[in-house]
1. Hey, could you check the range 68-77 for residues that are open to solvent by 40 Å² or more (accessible area, probe 1.4 Å) and either over 15 Å from E35 (Cβ atoms) or charged (D, E, K, R) (or both) and say which is nearest to the chain's Cα centre (by Cα)?
2. For the range 1-41, give me the residue count where each residue is of a type in the set (F, W, Y) and open to solvent by 80 Å² or more (accessible area, probe 1.4 Å).
3. Are any residues in the range 20-32 in a loop (DSSP other than H, G, I, E, B) and touching a residue at least 24 places away in the same chain (Cβ under 8 Å), and if so, which ones?
4. Which residues, taken from the range 46-61, are of a type outside the set (S, T, Y), out of contact with any Asp or Glu (no Cβ under 8 Å at 6 or more places or on another chain), open to solvent by 50 Å² or more (accessible area, probe 1.4 Å) and in contact (Cβ under 8 Å) with a residue 24 or more places away in the chain?
Amino acid sequence: HSAYPNPFNPITSLHYDLPEQVRVTLTVYDLMGREVIQLVNTTQEAGFKSVKWGAKDSYGKPVSAGVYLYQLHAEEFVQTKKMVLLK
């Protein structure tokens with residue numbers, strides 16, 4: 001699923017479905033490919049999942065307005081999508 005709302009300020013929700021129990025990582029990157037924050041890094045049960053991101057980095061500092069990429073890894077499945085933070 002896509003981030004909602006997108007564009008967002010100050011919070012967006014990232015949604016995804018898991019068909020089975022799997023190790024999941026969900027990471028936000030800036031456009032230069034630098035990791036901003038890792039939102040999920042755990043094994044999760046099958047089902048619908050939702051994670052909120054409040055536009056802060058891994059140190060708790062607010063990030064600047066702009067385009068960010070979020071990448072979901074679930075075993076062999078990898079998907080990357082864009083989201084836009086407006087301030």
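The values are calculated or read from the model by the stated rules, or taken from the named source; none is laboratory data. Since this is a predicted model, take the numbers as computed values, not measurements. Reconstructed Cβ throughout: ideal geometry from the backbone, glycine too, with neighbour counts over all protein chains shown. Side chains are part of the model used for accessible areas, which takes the heavy atoms of the whole protein and leaves out ligands, DNA and RNA. Shrake-Rupley method; radii C 1.70, N 1.55, O 1.52, S 1.80 Å.
1. Ranking the candidates gives F77 first.
2. Going through the range 1-41 one residue at a time, the tally reaches 1.
3. If the condition is that a residue be in a loop (DSSP other than H, G, I, E, B) and touching a residue at least 24 places away in the same chain (Cβ under 8 Å), then E20, Q21, L31 are the ones that fit.
4. Of everything in the range 46-61, just one residue is of a type outside the set (S, T, Y), out of contact with any Asp or Glu (no Cβ under 8 Å at 6 or more places or on another chain), open to solvent by 50 Å² or more (accessible area, probe 1.4 Å) and in contact (Cβ under 8 Å) with a residue 24 or more places away in the chain, namely K52.
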